[in-house]
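Novice: Here it is: the structure, laid out below.
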Amino acid sequence: MKKLLAFVVCLGLIFSAGTASAALYSFEDVIDRWGALNLDSIRITESNPLTYTHDVTDTVNLMAGDTIIEARLELDFKYDVTDAYGEILSIPYDFREYVRVGLDGNSPVELGEVDKGQYDIVLDIDWLNDQGLLDVVVSVYNPLGTGAVRLDDSRLVGTVETVRVPEPSLSLALGMGLAGLTLMGLRGARS
């Protein structure tokens with residue numbers, strides 16, 4: 001009976017060895033310098049949309065199994081004020097700028113009229129979990145064909161869940177050793 005009790009205790013020690021829980025951490029990829037001249041903002045016009053790529057592979061280890069669980073793109077526009085629109089002598093005018101953002105070649109997201117300020121887009125995380133890259137195209141338009149905005153910075157921020165790694169513990173090693181000794185003792189008693 002003592003040996004059976006010892007064996008049950010050993011099994012309890014074996015099964016008490018757990019795994020480490022997944023840890024969460026935040027990432028941020030900021031593009032705030034633009035072009036060959038390293039400018040602090042860039043002008044986007046109807047005839048010259050902006051194309052760039054966010055790369056989070058230096059902070060998110062997708063190869064090890066880490067997974068991005070949420071992400072958003074923050075676009076910060078500057079040097080723009082609320083633009084005029086209306087009619088003069090029955091001639092319409094509209095100087096408002098409207099922005100579209102294309103993400104990884106998919107249908108563009110309409111931001112609507114853009115003035116000075118920050119605009120956020122919640123992202124489909126599958127785009128990022130594939131390769132850790134997000135291709136972005138920012139285009140601007142208005143009814144007169146004169147749309148232009150200045151982008152100060154683009155931030156890709158989000159949360160990552162690390163891969164769960166088994167955690168070997170002392171109780172597992174101790175439990176296995178004691179279980180082996182107990183089984184050897186039970187076999188010796190039967191013979």
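The values are calculated or read from the model by the stated rules, or taken from the named source; none is laboratory data. All of these numbers come straight from a predicted model, not from anything done at the bench. Heads up, the Cβs are rebuilt from the backbone with ideal geometry, glycines too, and the neighbour counts pull from every protein chain shown.
Novice: Can you name the residue in the range 46-60 that is surrounded by 14 or more Cβ atoms within 10 Å (Cβ to Cβ) and assigned to a loop (DSSP other than H, G, I, E, B) and is also farthest from the chain's Cα centre (by Cα) among such residues?
Specialist: Per the stated criteria, the residue is GLU46.
Novice: Okay, next question. Can you name the residue in the range 95-124 that is among the hydrophobic types (A, V, I, L, M, F, W, C) and crowded, with 17+ Cβ neighbours inside 10 Å and, of all such residues, is farthest from the chain's Cα centre (by Cα)?
Specialist: The selected residue is VAL114.
Novice: Still on this structure, I have one more. Any idea which of ASP135, ASP152 is over 18 Å from THR45 (Cβ atoms), out of contact with any His (no Cβ under 7 Å at 6 or more places or on another chain) and either loosely packed, with under 15 Cβ neighbours inside 10 Å or at pLDDT 80 or above (or both)?
Specialist: Exactly one of ASP135, ASP152 is over 18 Å from THR45 (Cβ atoms), out of contact with any His (no Cβ under 7 Å at 6 or more places or on another chain) and either loosely packed, with under 15 Cβ neighbours inside 10 Å or at pLDDT 80 or above (or both), namely ASP135.
Novice: Being β-branched (Val, Ile, Thr) and either exposed (fewer than 11 other Cβ atoms within 10 Å of the Cβ) or modelled with pLDDT of 90 or more (or both) is the filter here; which residues of the range 9-45 pass it?
Specialist: Matches in the range 9-45: VAL30, ILE31, ILE42, ILE44, THR45.
Novice: Right, something else. Can you name the residue in the range 61-70 that is among the aliphatic types (A, V, I, L, M) and surrounded by 15 or more Cβ atoms within 10 Å (Cβ to Cβ) and is also nearest to LEU123 (Cα to Cα) among such residues?
Specialist: Result: ILE68.
Novice: Can you tell me which condition VAL81 does not meet? The list is (1) at pLDDT below 85; (2) closer than 20 Å to VAL157 by Cα; (3) touching a Lys or Arg at 6+ places or on another chain (Cβ under 8 Å); (4) of a type outside the set (Asp, Glu), and all the others hold.
Specialist: VAL81 satisfies all of (1) at pLDDT below 85; (2) closer than 20 Å to VAL157 by Cα; (3) touching a Lys or Arg at 6+ places or on another chain (Cβ under 8 Å); (4) of a type outside the set (Asp, Glu) except (2).
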